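Here's the structure, in structure tokens; my notes come after.
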Amino acid sequence: MRIAIFGDIHANLEALEAVLDDASKQAVTDFVCIGDVVGYNADPVACLENLRQMECPTVKGNHDEDASGSHSLESMNPVAAAALEWTRGQLNADQCLWLRRLRMVRQIADFTVVHSTLDQPAHWNYVTNRFDAMANFSYQFTQVCFHGHTHVPRVYTKSDKVHEVPADSIIVEKTAKYFVNVGSVGQPRDGDWRSCYAIYDTDHQLIVFRRVEYDIAKTQAKILAAGLPPMLAERIAEGR
Ligand code: ZN
């Protein structure tokens, strides 16, 4: 099987379509989403309906939770909160329910997916170094686990110790566990504006990261036309 693992789409339809198109050209047969379908950008409904139509297994991200709830967003970063308030106004009851019912953790084939970490999936912890990754490994019972949340592709391995290895092409060795951040489709933050996702080739035990260009000008125009904070249009061009 060749499985595309992708997420942090954040309502960026042009980026999502470019990734799905690239994955088809790479002979991908299955798709799995690590969450944050909505938030920040201007196409929450189209992105959500796309995944729903594909029957793509999806776990819940913090923006999915916030967009489908009615709690106060006051304690959040004001730009993220403004986008979430706007997103709440776009979703119908059925779409809200779809987001609300997403599970925090899923096992697909022989691997696990979670938006943030397996040790405390509802706490939305950020994994930015190998020490953050250690807690996750204590709760990781599959050899490979994919996640997102930081919007930065990263790979941690655990054999005797936990190491970070470069996120490019990874051979999955039988003697180690892997905790893999697949980066972000709709709002990369590693300085590269192109959409990021990973392909897991289970027959060859290989994980490959892909970067895909999309029509960013179109996405930016939609953000501005929707009245969303202009900095959201600027940041996607800078990959931050
Ligand atoms: Zn996100």
Between residue 184 and residues 5 or more places away or on another chain, which pairs have amide H atoms under 5 Å apart, with H built 1.01 Å from N, and which residues are they? 189, 196
At q = 0.16, 0.23 Å⁻¹, what log₁₀ I(q)/I(0) does region 195-240 have when each alpha carbon counts as one equal point scatterer in the Debye sum? -0.56, -0.79
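Considering only protein heavy atoms, what per residue accessible area in square angstrom results for region 110-240 with a 1.4 angstrom probe?
44 Å²
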How high is the relative contact order of region 49-157? Use alpha-carbon pairs under 8 Å, at least six apart in sequence, and give a whole percent. 25 percent
Log entry: pair-distance distribution for region 101-200, C-alpha pairs binned every 5 Å from zero, whole % per bin is 3, 13, 26, 26, 20, 9, 2, 0
So what is the relative contact order of the chain, in percent, for Cα pairs below 8 Å that sit 6 or more residues apart? 24 percent
Counting only protein heavy atoms and using a 1.4 Å probe, what share of the accessible area of the chain belongs to carbon plus sulfur, as a whole percent? 50 percent
Beta carbons within 10 angstrom, averaged per residue: use that to sort the peptides 164-176, 7-19, 104-116, highest first. 7-19, 104-116, 164-176
Before rounding to the nearest 500, sum -39500 (n - 2.57) across all DSSP H runs of length at least 4 in the chain and divide by the residue total; then give [θ] at 222 nm in deg cm²/dmol. -9500 deg cm²/dmol
The distance between the Cα centres of region 32-61 and region 117-156, in whole Å, is 21 Å
Have a look at the DSSP beta bridges in region 81-240 and tell me what percent are antiparallel, nearest 5. 75 percent
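Looking at the P(r) of the chain, how many percent of alpha-carbon pairs lie beyond 21 Å?
Summing the P(r) of the chain above 21 Å gives 52 percent of all pairs.
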What order, most packed first, do the peptides 35-48, 195-208, 122-135 have when packing is the mean number of other Cβ atoms within 10 Å of each residue? 35-48, 195-208, 122-135
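The values are calculated or read from the model by the stated rules, or taken from the named source; none is laboratory data. This is a predicted model, so every value here is computed, not measured. Quick reminder, even Gly has a Cβ in these numbers, built from the backbone with ideal geometry, and neighbours come from all protein chains shown. Please note that ligands, DNA and RNA were not included when accessible areas were found on the heavy atoms of the full protein model with its side chains. Shrake-Rupley method; radii C 1.70, N 1.55, O 1.52, S 1.80 Å.
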